[in-house]
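**Student:** To start, I am sharing the structure in question, which I have written as structure tokens.
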């Protein structure tokens, strides 16, 4: 009598776990592939404080940076406002930017060059090192200076699209001249901005 062949058993594979892993990998690739802010060229170390105050941290901020007695601006996590403000400033001064430049400007950190040189600044951003000497945003006592216009334009656009006021913060290094700080505050007060945050570096005394 011929021996019967053993019955072939096919292994059972539960694809649920594999699908979950594939989905997680897809989410990971989508996350790391998102456009992100390019590292800011200006690193400002603010004065030290031993008092921690976190009572007024809600909302979006336009940050004024001060280093080497030059003024820079940064839109904290508001890429659409960076782009809208740039286009409005360009239209006011008859300057043209490409779609790629506007898109890149929405992803940069702080900036600090005159509008006439902004095209070169955007083009070089992320390529130059931190030793590149930016000229700073022009500022004086008139209402037509670029710093005044950047603040005014940005706050107007933000209020139009959100219905809220864009807050202002100042982040400067400890050794900056008071005359420049006074000029910044004067420009803010001309726009009825009498409340703003001064950013400091908290250090625990107990250390």
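**Student:** For region 55-96, list residues with backbone N below 15 Å from a point placed 7 Å from the Cα of residue 140 toward its Cβ?
**Tutor:** none
**Student:** Can you give me the distance in nm between label points at residue 198 and residue 120, each placed 7 Å from the Cα along the Cα-to-Cβ direction?
**Tutor:** Taking the simple label geometry, residue 198 and residue 120 are separated by 3.6 nm.
**Student:** Take peptides 112-118, 160-166 and line them up by average Cβ neighbours within 10 Å, highest first, as a rough protection proxy.
**Tutor:** Result, highest mean first: 112-118, 160-166.
**Student:** Which order do the peptides 66-73, 190-197 take when ranked by the mean count of other beta-carbon atoms within 10 Å per residue, highest first?
**Tutor:** Output ranking for 66-73, 190-197: 66-73, 190-197.
Values in this text are rule-based calculations from the coordinates and carry no lab data. Remember, predicted model here, so these are calculated numbers, not experimental data. Heads up, the Cβs are rebuilt from the backbone with ideal geometry, glycines too, and the neighbour counts pull from every protein chain shown.
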